[in-house]
Structures are given as C-alpha cells and as structure tokens.
1. What are the residues in segment 133-166 that are under 15 Å from residue 2 (Cα atoms) and part of a strand (DSSP E or B), if any?
2. Pull out all pairs, ordered by first then second residue, where Cβ-Cβ is under 6 Å, the residues are six or more apart or on different chains, the first lies in segment 89-104 and is without any contact (Cβ under 8 Å) to a residue 60 or more places away in the chain and surrounded by 20 or more Cβ atoms within 10 Å (Cβ to Cβ), and the second is in a strand (DSSP E or B) and hydrophobic (A, V, I, L, M, F, W, C).
3. Those residues that are among the hydrophobic types (A, V, I, L, M, F, W, C) and surrounded by fewer than 21 Cβ atoms within 10 Å (Cβ to Cβ), I need them from segment 105-120; list them, please.
4. Scanning segment 77-88 for residues that are of a type outside the set (Val, Ile, Thr) and surrounded by fewer than 20 Cβ atoms within 10 Å (Cβ to Cβ), which turns out farthest from residue 64 (Cα to Cα)?
5. Let me confirm something: among 55, 41, which residue is assigned to a loop (DSSP other than H, G, I, E, B) and either buried (at least 20 other Cβ atoms within 10 Å of the Cβ) or under 14 Å from the mean Cα position of the chain (by Cα) (or both)?
6. When the residues of segment 7-30 are narrowed to those that are assigned to a strand (DSSP E or B) and at pLDDT below 95, which ends up most open to solvent (accessible area, probe 1.4 Å)?
7. For segment 94-104, state whether one or more residues are more than 12 Å from the chain's Cα centre (by Cα), acidic (Asp, Glu) and at pLDDT 95 or above.
8. Filter segment 121-132 for residues that are in a loop (DSSP other than H, G, I, E, B) and within 16 Å of residue 19 (Cβ to Cβ); which is nearest to the chain's Cα centre (by Cα)?
Amino acid sequence: MKLIVAVDSHWAIGLKGGLLVRIPNDHKNFRQETLGKVVVLGRKTLETFPQGVPLAGRTNIILSRDPDYQVKDAIVVHSLEELLNVLKEYEDDKIYIIGGESVYRMMLPYCDTAYVTKIDHVYDADAYFPDLDETEDWEITAESEEQTYFDVAYQFMTYERKTGREKKNRNE
C-alpha cells in the first residue's frame, strides 16, 4: 500500500481543512500517480474537493465514523476493520492513502511506500504528517531535482519502509 502527501518543511499538510499551497505540478503528479487506482481518504478531506465529489477515474473509499454517511460513486466504510476488509479486494500496489491527518496516521503502519512532495517553506498549519526523516523505519529511495513554482521550492521524494521491518499485514 502507498500514500501520497505534500508537506512543508515541518511536515505540515493543512490548515483549517485546506491545503497549505496549490502547486500545479504537484496536482499533476498526484493525478498521474493515482488515476485508475484506489484512493482512501477521510470524510473531511472529501469535503474539501470541488463540490465534495469523489475523484474521477479512481475507486474512492471514504472513511467516516457516521454510520449514515453515504457518497454517490464512492465506497463508504466506518472503521479500520471495515476498511481493511474492503481493501482485501484490491492489489496492494494500486491502493493510495491520500489524507487527511488522522487517515494518514492510521494507515501509515500498513504502507510500504510514501510519495512526498516536500515544500521548502514553513506555513501556518493545524494538520501534520509524521516526520519520516525522524523515524528509523523509512528511508529516501528517490528524489527529484528541486523545482520552483513562483517563489516556492519543492521536490518529489520517494520514501520506502526499510527491509527487515515488516509493515502491518492488512490481511491479518
């Protein structure tokens, strides 16, 4: 299972339910990486999308604690256990965790690859992703050249869980 996230220099990912910055090339990268795949996200993240509509061209799985919550053109699950059962129907390398903070934290132990857009800036934020540079479980296996969007510098980084450390098995 994989995840994809954009973080600032302090691993911040959002403020008041929104993204910290919009970088067109990051959105293009996200689209290319997830199109035709399964995306897992929380209800609050879905509500930040245009008209609160699931992403086209992907299987959207929405996590919500509300047992009555339904979304047209998406699968809605209400617990980690239910989510893991639904995910058994899909190939691991076709599943992408896309946020927000609580979903990333809950699903990180099940992931083996993280696609991180690292933005060289510090923003005001209230949502954070775990700092993969500070954990022994993860290592950088690829990084792009530094790119800029106006005055914002960023890089695409790939982190992989180190071998010898097993991720949680979602089939258990």
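The values are calculated or read from the model by the stated rules, or taken from the named source; none is laboratory data. Being a predicted model, the structure only gives us computed values, none of them experimental. As a convention, Cβ positions derive from the backbone with ideal geometry for all residues, glycine included, and neighbour counts pool all protein chains shown. Each accessible area value is taken on the protein alone, full model and side chains, heavy atoms only, with ligands, DNA and RNA left out. Shrake-Rupley method; radii C 1.70, N 1.55, O 1.52, S 1.80 Å.
1. Selection gives 138, 139, 140, 141, 142, 156, 157, 158, 159, 160, 161.
2. If the second residue must be in a strand (DSSP E or B) and hydrophobic (A, V, I, L, M, F, W, C), no pairs are left.
3. Within segment 105-120, the subset among the hydrophobic types (A, V, I, L, M, F, W, C) is 106-108, 111, 114, 116, 119.
Scanning segment 105-120 gives a single hit, 106.
4. Pass one, segment 77-88, residues of a type outside the set (Val, Ile, Thr): 78-85, 87-88.
Filter again for surrounded by fewer than 20 Cβ atoms within 10 Å (Cβ to Cβ), leaving 78-82, 84-85, 88.
Working: 78: 5, 79: 8, 80: 10, 81: 13, 82: 11, 84: 14, 85: 15, 88: 19 Å.
Out of the qualifying residues, it is 88.
5. None of the other options fit; the residue is 55.
6. In this case the residue turns out to be 19.
7. No, there is no match, as no residue in segment 94-104 is more than 12 Å from the chain's Cα centre (by Cα), acidic (Asp, Glu) and at pLDDT 95 or above.
8. 129
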